[in-house]
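The values are calculated or read from the model by the stated rules, or taken from the named source; none is laboratory data. Bear in mind the structure is a predicted one, so any value in this text is a computation, not a measurement. Note that we place each Cβ from the backbone using ideal geometry, even for glycine, and neighbour counts take in every protein chain shown. Just the protein is used for accessible areas: all its heavy atoms, side chains included, with ligands, DNA and RNA removed. Shrake-Rupley method; radii C 1.70, N 1.55, O 1.52, S 1.80 Å.
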Amino acid sequence: MKKELTSDEYIIYYGRREPPVEIFNLSAGPLNLIFDPQNAMLRYISINGKEILRGIYVAVRDKNWGTVLPKITEMSIVRESEILKGINEFKASFAVECKKDDIDFHWEGRIIGQRDGRIRYMMKGCARSTFMTNRIGFCVLYPIHDVAGKKCIIEKVNGEKVDTNFPYLIDPNQPPDDFTDIKSITYEISPGLYFQVIFNGNVFEMEDQRNWTDGSYKVYCPPLRLPYPVEVKKGQIIEQSIELRIKDGTSKVGKPHIAYQNRTHESIKIYITDETVGRLPRIGVCLPSYVTELSPNEIRKLRKIAINHLRLELNLNEPDGLEDKIKTATTIARNLGTPLEVCLVLPKDLDFSALKNLLDDLIEKSKIFALLIFSGILGQFPISGETIDNVRKHVSRMGDNILIGTGTNSDFLFLNRHLKNTNNLDIISYAINPQVHAFDNLSLIETLEGQIWTVKTAAKISGGLPVAVSPLTLKPRFNPYSPSISEQLKSRDLSMMADPRQMSLFGAGWTLGSLKFLSENGIFYITCYEAIGPLGLIEFEDKTILKEFPSKPGMVFPMYHLFVDLTEYGKALIKSTNSTDPRRAIGLTLHKDGKYRTLLANLTNEYLPIVLSLPKHHAEINIKRLNGANVKQAMFEPETFRGRSDCFVKLRGDKINLCLSPYEIIRIDF
């Protein structure tokens, strides 16, 4: 991002009022990496262009597993690089504050990268208050790509060595078998070349973070078998370190390559082929929070999107207001011309006669496409097979062809651990949000890969049943991990669920990536966001309902145009579209009635040169851009924006050279 922008413009680009934080490209002998000061984190450790470690950072968690974000107050980075002499070293030191409510923890970090490929990250912290915490310590992330299913050697704290494998499909156990009491992990990155991570200062174990759609395995401390939360007293010192080593053949690995995030001068290649990899699924939206009706103009805007269903959630643990929600949902669904996806959260002491009356009322007043049934205070858990059988018997007597399913109203973890029986189900479902563990844009992009593995693992669990994601949101809708029921209920506050990236170009690009990877891997349907409001696709016509959310009445969000573009090609075949750098640029290609539509997104704050290869020669293509130059018109005058003439480009071959501006989205029809 070259020019200085106003705080409002930064919001529209990527959801923050401040300019992007500078990251530092570093090298230690053959290893390349970046230091991300926003998170005091080493990221993307790679050798010869291959990522071998996703990240290292220090986590501070409160008693409800909330993350206390770090703030660097002092920093010094010294780099020494003489490529011809094989010298690539660095030293970094910094001071960090972690403050939230009663937590006040200060720590100092030192990172040393040596020419032989050794890197040591050390932290020493001191509590400046007395507080309760579930975790303070290093987290080390392993990438999924090239590591899933790979053999490794785990050295235990007692000296025992265990030969095992990283999980291939998502492991529901925490920790997975063998990944406990870890002193070091070693795996082969290429023939004869090994990478070792050594953990000091505590007892470490691993979890499969794909359960929350993170694109990584995480090694953390302390072990979850120990009681938590624990009290940290004012003045208490915590000290740990992580060491990375390249073993055997270090001198033969060649000259250092340019770090992953420093290749902006290279063209990214995106290849479209005629291989069909899926079909565009049904796409629905959720009933808006805190709304009783929509204006004619709001309905008109939403009808531009060919919405396939409207999600209505009814929690019978909280019976007050259910009739009003049903009335609102049936009215909006009728005005949008779409059926309902009904999600029921049932209490332990279920009165089945009351449930039957509720189902009768719903079926009489509206058309129901799917009925998802959960248990738990907020629907975290699958419902029993007996309840499914009883509901099916009652619904089938009424003659309605309704898909009946269960799974979880929360993170994939709950489905992976608790859904044991899929008999008499039509479908299984789970929710997705990318912000359980991390909140910056790079981490959100990494979750796109994790979403792929949720679909693969769910397909195995389902035994061939269709799989749905409902809903897809940018932030958690509640905290299911709080031990207190009152805290779980309190976590549903709208201000905690809203994210300014909802109204940003970045949010639209991330959503495209999510829809791409879910669709290409066979998801049956997806329910995305709310229809309207700060969690939605457009803002209310004459008001905003969340003071701290930076939207304006009447605007549509950039992702609104994405959904219009996609649903114009409803039920289209999806053609293979692969990027050489999917953390920076991605594409989705639809094919219907002999026509192609490709949507491309730049996920970075840089200008990206892209070479797009078409499946065959086309004499002419039609390009529509959504970027910083026209996004305000797209948001405040959507019909004018969509009615503007597109750019027609004549081609001589099957390749197109493009340059995407920061966070730009391009639609190409051919």
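Below is a table of values for the structure above.
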| item | result |
| --- | --- |
| Criterion: of a type in the set (S, T, N, Q), more than 24 Å from PHE641 (Cα to Cα) and at pLDDT 95 or above - qualifying residue of ASN602, ASN578 | ASN578 |
| Total residues in segment 594-609, condition open to solvent by less than 20 Å² (accessible area, probe 1.4 Å), of a type outside the set (Ser, Thr, Tyr) and more than 21 Å from SER504 (Cβ to Cβ) | 1 |
| Subset of segment 579-610 [under 20 Å from GLU446 (Cα atoms) and of a type in the set (A, V, I, L, M, F, W, C)] | ALA585, ILE586, LEU588, LEU599, LEU600, ALA601, LEU603, LEU608 |
| Residues located in segment 144-164, provided they are open to solvent by 50 Å² or more (accessible area, probe 1.4 Å), touching a residue at least 24 places away in the same chain (Cβ under 8 Å) and part of a strand (DSSP E or B) | LYS151, ILE153, GLU155 |
| Residue check for SER443: crowded, with 16+ Cβ neighbours inside 10 Å, assigned to a helix (DSSP H, G or I) and either modelled with pLDDT of 95 or more or out of contact with any helix residue (DSSP H, G or I) (no Cβ under 8 Å at 6 or more places or on another chain) (or both) | yes |
| Every pair of residues 6+ apart whose Cβ atoms lie under 9 Å, when the first sits in segment 611-636 and is closer than 20 Å to LEU660 by Cα and in a strand (DSSP E or B) while the second is open to solvent by less than 20 Å² (accessible area, probe 1.4 Å) and charged (D, E, K, R) | LYS624/ASP565; ARG625/GLU664; LEU626/GLU664 |
| Scan of segment 292-343 for residues that are surrounded by 14 or more Cβ atoms within 10 Å (Cβ to Cβ), small (Gly, Ala, Ser) and closer than 22 Å to PHE557 by Cα, ordered by number | ALA306, ALA333 |
| Test: residue in segment 76-86 that is surrounded by 15 or more Cβ atoms within 10 Å (Cβ to Cβ) and out of contact with any Leu (no Cβ under 7 Å at 6 or more places or on another chain) | no |
| Helices (runs of 4 or more DSSP H) contained entirely in segment 327-432, each with at least 2 residues that are touching a Pro at 6+ places or on another chain (Cβ under 7 Å) and modelled with pLDDT of 95 or more | 412-418 |
| Answer residue from segment 165-185, given it is open to solvent by 20 Å² or more (accessible area, probe 1.4 Å) and outside any loop (DSSP other than H, G, I, E, B) and is farthest from ARG225 (Cα to Cα) among those | ASN165 |
| Residue in segment 617-631 that is surrounded by fewer than 17 Cβ atoms within 10 Å (Cβ to Cβ), closer than 27 Å to ILE307 by Cα and more than 26 Å from the chain's Cα centre (by Cα) present | yes |
| Whichever residue in segment 637-650 is at pLDDT below 95 and part of a loop (DSSP other than H, G, I, E, B) and, among such residues, is nearest to ARG667 (Cα to Cα) | ASP646 |
| Selected residue (criterion: nearest to the chain's Cα centre (by Cα)) from residues of segment 643-670 that are open to solvent by 70 Å² or more (accessible area, probe 1.4 Å) and basic (Lys, Arg) | LYS655 |
| Of all residues making up segment 6-42, the number that are in contact (Cβ under 8 Å) with a residue 40 or more places away in the chain and either of a type in the set (A, V, I, L, M) or touching a strand residue (DSSP E or B) at 6+ places or on another chain (Cβ under 9 Å) (or both) | 21 |
| Filter result (under 28 Å from ILE452 (Cβ atoms) and either in contact with a Gly (Cβ under 9 Å, 6 or more places away or on another chain) or open to solvent by 20 Å² or more (accessible area, probe 1.4 Å) (or both)) within segment 197-210 | PHE204, GLN209, ARG210 |
| Criterion violated by PRO480 - all others in (1) out of contact with any strand residue (DSSP E or B) (no Cβ under 8 Å at 6 or more places or on another chain); (2) closer than 22 Å to PRO167 by Cα; (3) part of a loop (DSSP other than H, G, I, E, B) satisfied | (2) |
| Residues (of a type in the set (Ser, Thr, Tyr), touching a helix residue (DSSP H, G or I) at 6+ places or on another chain (Cβ under 7 Å) and closer than 22 Å to LEU512 by Cα) located in segment 609-664 | TYR663 |
